[in-house]
Structures are given as structure tokens and as C-alpha cells.
């Protein structure tokens, strides 16, 4: 059963402790000192019995499985846990995966409640508007479900990431495909026409530049990235509008590029969500395309699998994951599987579980008073193994994990692939 919340509804969950992911760069050490002297980081959101957290994410709408997966994972990870004798309470608000709604929901959350930190928000376009609000109120943003550079390079505010960035995911796929025999010219893209998709295109352009793609291709990416509005029909890229099912314009853009360039797309890097990517895959297969379609972890692996299985479209689909695969025997995976149960256990809920347990570890390691300043200081000193996942914030950036697994969709779910497997898929 899916959990639904209206935008105005707030539901509280008495949970336990938290754990999450990577902190903002070492420049933050100076920020910590400054904050200490000015008293910015207080014990806001911490009472004698409770640590209150806030989460603004998509709980209703076309991509609701993304937010509900994170919610379920975080709830399961923190249920019954305590930190310094305090229970944890998460206040969830729905943003429909729309920036305007995310801004309103965040403002309402902060008006109505004191929160210690923001946990597990979903999406890049929504983070673009919520991060400045959180920074203004000196609220750390922890374990957000996005791999965008917005939360990594020159990030605004105190940001603690768990997951590998989209650049790492895209590089892993493209570099493996190049080793398997395709050329940079045969790499195309299909992306959401917003900050999420543009971040992916920026990372793809960087990877292709390092692979010595032609100047014309790189110029095409620059032109697309600099454009406003519809970015179709400008190069080896197709785009679609967020929260819509319309994939045909993006498909036609790729076909136009193939016709003009005389080069066939062999690998299509996508930055989409599960529902639209299903439409795109279905259309391309019905039209006879054998493109190898690669999805980012944000897409929503479980929903994508179920949607594609419904149409018998599992061939030629690969996906990067930033958590272990579901059949892993790592302790953290077994623990999450038991806590979530068969019905709720999936790759997104697993990430929510990991985020929660990582936060819990960091909070419990704080030897002092539970303040935001002490929390951020503890993050910068944190290096531990989280049930088989190495977490390290001591290297000077704000990302705890660099885990990226390239997987392929099979009848039995997503399975890790090797170079030889990819070479066969490309033939």
C-alpha cells in the first residue's frame, strides 16, 4: 500500500536514531569555527526526549515511489532507536517533485516546527530551491536522494551526502562502454529537461571530453546546456518535461541527430524517472531501436523493473546503483531486508535505510551535546564501515560513499555486469 500525504498534511513518526551521509567540503571547518563564535548552530529541534527531523519529498504524483521508498527506508532504520536517550521524530511533507511545491512545503515546515536537520529529500530541481532556505536557517541537509553537483561542488550550506554523484555513475557506464568497443560519437542521451537532466548532461560532456570526443559533439553539448526552453533537435540529446509521459519529442530528437550525423546511437545515457523512461523504452523498442539504455540510480529501479517487465522489455537495460544489489549478503542489506519486509524492500528503500543508519552512527558518536555544530564536526571526523559499506568523510569532501555498481536488468532483477557482459549486449 502506498503512503499518501496531501501537501498540507504532516505526519509524525516517533523513531529512534539516525545515520546519514557526506558533509560539505573542508572549507566547512572554517565555517564551523565561525558558527561556534557566533552561536549559529544551536540545539534547535532537540528537546529533552526528542530529536526532530524534517523531510520534504514526493509522496504523491507520477513519481511518488521515489519519495515513499526513501520514507519507508528511513522509518525502518530509525524505528525504536534512541540517541542520548532521545527518540527521533520525522515530519514528512509532500512536494509532488515540483520546485514551487517544495519551496512552499519547506517554508511551512520551518514555520510550524523546529527541526534539527533535513533528511532524505528527493530530487535535484527541488533541492535547487530548498537548499538556500535550509542554509538561511543553518539547517544541515543530510542524505538527499540526488547525485547532482549542486550538492557537491561549491555547495550552499551544510550538506552531508551519502551517495556517489551522477558524474561517477555516468563515467562508470561510459568508460566501460568505450572499453567494450563503442566510440564517443555513439553515445547519446535522453534526459529530464530541468536541473536533474542538465546536471547529467554536464557530467556526460565532461566524461566525453576526457574520452576525446570530437569538438563538434562537445560544442553541441555546450549549445544544449546554454539553451532555454525546449532543448530537442540540437544534438545527440533528447529531452522531456518533468512529471509528464511525453517521450516522443525526445525520441525524435535522437533520430534527427542520427540522420544528420550519419552515426547511430548505441548507448543512450538517461537521466529520467521510472515512468517516463518506461514510455521512452517502449516507444523506442516498438520502432525497432536496439539502443542500450542506461539509467541513473535516481530513476527508481524497482518501479522501472516492474513497468518494463509488464511490457516484456527487460533486454538492453542497464542501470547504475549506489547501494548494494538486493541479493547481496552484506550485513546492512540483510538487516534492511528483515526490517522492511518483502513488500517494502527495494533499492530505494534500501538507500533510505542506509541513510538513516548512517545518521544514527554519526549521532551516536557525538561525545558532546547534540548541537548542529557538534554534529557537523562529528561528520568531518567520521570514517566507519556500515554493515559492509565503507563510509568516509575524512577526505575533505562532503560525500560518504563512492559505491557505484553497473547492473543489467534480468528476469531475476538487477544483476552486476562485467565488461564482457556489456560487450555482448552491444553486439
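Every number here is computed from the coordinates shown, using simple stated rules; none is lab data. What you see is a predicted model; the values in this text were computed from it and never measured. Note that each Cβ is placed from the backbone with ideal geometry, even for glycine, and that neighbours are counted across all protein chains shown.
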_Expected output is a single nm value to one decimal: the length gained when fully extending between residue 306 and residue 183, i.e. 0.36 nm times separation in residues minus the C-alpha distance. What is it?_
41.1 nm
*If you line up the long axis of helix 166-179 against the longest principal axis of the chain, both from Cα atoms, how many degrees apart are they, to the nearest 10?*
30 degrees
*For the residues 266, 228, what sequence is obtained by ranking on other C-beta atoms within 10 Å, fewest first?*
228, 266
_Cα-based helix-to-principal-axis angle, 274-286 vs the chain, degrees rounded to 10_ = 10 degrees
*Would you list 414, 298 from fewest to most Cβ contacts within 10 Å?*
414, 298
*Gain in span if fully extended, residue 154 to residue 113, counting 0.36 nm per residue against the direct Cα distance*: 11.9 nm
*With springs only between Cα atoms under 10 Å apart, run a GNM on the chain and tell me which of 295, 171, 102 wobbles the most.*
171
_Folded to 0 to 90 degrees: helix 215-226 orientation relative to the chain principal axis, Cα_ = 50 degrees
*Of the residues 374, 193, 312, which exhibits the maximal mean-square fluctuation in a Gaussian network model of the chain defined by a 10 Å Cα contact cut-off?*
312
*asked:* Just want to confirm a number: the relative contact order over the range 240-351, from Cα pairs under 8 angstrom separated by 6+ residues, in percent.
replied: 22 percent
*With contacts defined as alpha carbon pairs under 8 Å and 6 or more residues apart, what's the relative contact order of the chain in percent?*
23 percent
_Using Cβ counts within 10 Å as a stand-in for footprinting exposure, how do 368, 103, 231, 71 rank, fewest first?_
368, 103, 231, 71
*the chain: most fluctuating residue of 182, 362, 159 per GNM, C-alpha cutoff 10 Å*: 182
_Rounded to 5, the percent of DSSP beta bridges in the chain classed as antiparallel_ = 40 percent
